[in-house]
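Step one of this worksheet: look at the structure below.
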Amino acid sequence: MVSLIRNFGSNTGGRFFEDPSRMDDSNTMLDPILSTEDDDGFRPLRTVPAFSFHLLISSCISLTGIILAASWEDSRRCEAYFIMLYLRAAFWLITYLFDRFIKRRHEKLRLDGYHDFHRSTAQHRSVPLQIVSLWNTFLLAIQTLIQHYYGDSFAEKCAMVGLLSPIVYITLFSSLETMVFGIVHGLYIAKVVRFNRMAPPPDALQGSRSHSSGSLGLTQRGLSTAELLEKQADLINYLKDHNLQLNQKIMQMNAQVRTVTYPG
């Protein structure tokens with residue numbers, strides 16, 4: 001047994017393990033697969049500017065409606081009303097593009113292994129497009145009723161003054177929408193800022209460090225069967241991705257070992 005060890009130390013592989021610098025390189029390559037040292041590190045979720053911009057656009061539309069309703073003369077109130085309708089249509093398009101951008105960012109976050117945070121912000125991400133679509137549908141229904149009942153006299157009704165004035169009610173709806181967005185966007189921004197400040201590891205890493213039963217946190221109490229299966233599926237996808245990284249890491253390590261063992 002001793003001779004075997006000595007023979008192993010005397011061959012070319014022995015010289016590889018006797019070189020401290022090479023041993024450091026090999027140890028680095030043999031890190032656990034769930035380690036994030038080979039990754040780019042924590043990548044913060046950069047969606048706060050987008051939510052802030054969306055809230056700013058909503059506030060500007062509401063402020064525009066207030067200015068038009070308060071300052072424009074009665075003969076131009078109908079024109080102001082149609083300006084607000086155009087702004088509402090443009091705002092829906094902006095919100096749709098905003099929704100696509102946010103979903104893409106969160107999908108990247110989910111692929112990085114942050115499934116719990118992805119699920120916890122699902123409502124915040126879906127609310128903006130839902131609210132704008134609901135508001136615009138309601139305004140379209142009101143506009144259809146007004147046009148149907150008033151017909152050619154719509155221009156007269158459009159120019160009237162009071163709470164029933166079209167420019168007033170569309171401004172009230174826009175202002176109420178901005179208030180809702182202020183609450184929803186504020187809660188979302190606070191969550192993202194806290195998440196970026198904590199810079200937590202992916203969910204699988206959090207489970208592996210919890211010293212539980214080695215189940216990566218899949219036996220947490222209080223989860224329904226559907227939630228448990230969803231979490232298991234998310235973690236399986238994440239671990240499959242890391243398994244691919246492990247295979248690439250092994251190929252790289254084998255290439256380096258062959259280079260050191262058989263130089264030239």
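The values are calculated or read from the model by the stated rules, or taken from the named source; none is laboratory data. Bear in mind the structure is a predicted one, so any value in this text is a computation, not a measurement. With ideal geometry, Cβ positions are generated from the backbone for all residues, glycine too; neighbour counts draw on all protein chains shown. When the accessible area is computed, the model is the full protein with side chains, heavy atoms only, and any ligands, DNA or RNA have been set aside. Shrake-Rupley method; radii C 1.70, N 1.55, O 1.52, S 1.80 Å.
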Would you tell me the accessible area of LYS108, worked out with a 1.4 angstrom probe on the heavy atoms of the protein chains, in Å² to the nearest 10?
120 Å²
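Rolling a 1.4 Å sphere over the protein heavy atoms, what is the accessible area per residue of the range 47-199, to the nearest Å²?
Numbers: 8280 Å² over 153 residues.
With all protein chains present, the range 47-199 gives 54 Å² per residue.
Taking R0 as 22 Å, what's the FRET efficiency between ALA50 and LEU176 from their Cβ-Cβ distance, rounded to 0.05? Could the numbers behind the result be given before it?
Values: r = 22 Å, r/R0 = 1.01.
Efficiency for this residue pair is about 0.50.
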Please give the charge dipole size of the range 47-199, origin at the Cα centre, charges +1 on K and R Cβ atoms and -1 on D and E Cβ atoms. Round to the nearest 20 debye.
900 debye
How much of HIS148 can a 1.4 Å solvent probe reach, expressed as accessible area in Å² and rounded to 10?
140 Å²
Quick one: how many Å² of ILE146 are accessible to a 1.4 Å probe, rounded to 10?
30 Å²
What are the equivalent ellipsoid semi-axes of the range 47-199, built from the alpha-carbon gyration tensor (square roots of five times its eigenvalues), in whole angstrom, biggest first?
37, 15, 11
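Among SER52, SER175, what's the order by accessible area (1.4 angstrom probe), most exposed first? Intermediate values should be presented prior to the final figure.
On the way: SER52 55, SER175 35 Å².
Per-residue accessible area, sorted high to low, gives SER52, SER175.
For ALA199 and ARG76, what does the FRET efficiency come to when R0 = 51 Å and r is the distance between their Cβ atoms, rounded to the nearest 0.05?
Working: r = 54 Å, r/R0 = 1.05.
Here the calculated transfer efficiency is 0.40.
Keeping all protein chains in place and using 1.4 angstrom, which order do THR64, THR144 fall into by accessible surface area, from largest down?
Largest to smallest exposure gives the sequence THR144, THR64.
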Nearest 0.05, what FRET efficiency do GLN245 and ASP116 give at R0 = 22 Å with Cβ-Cβ as r?
0.55
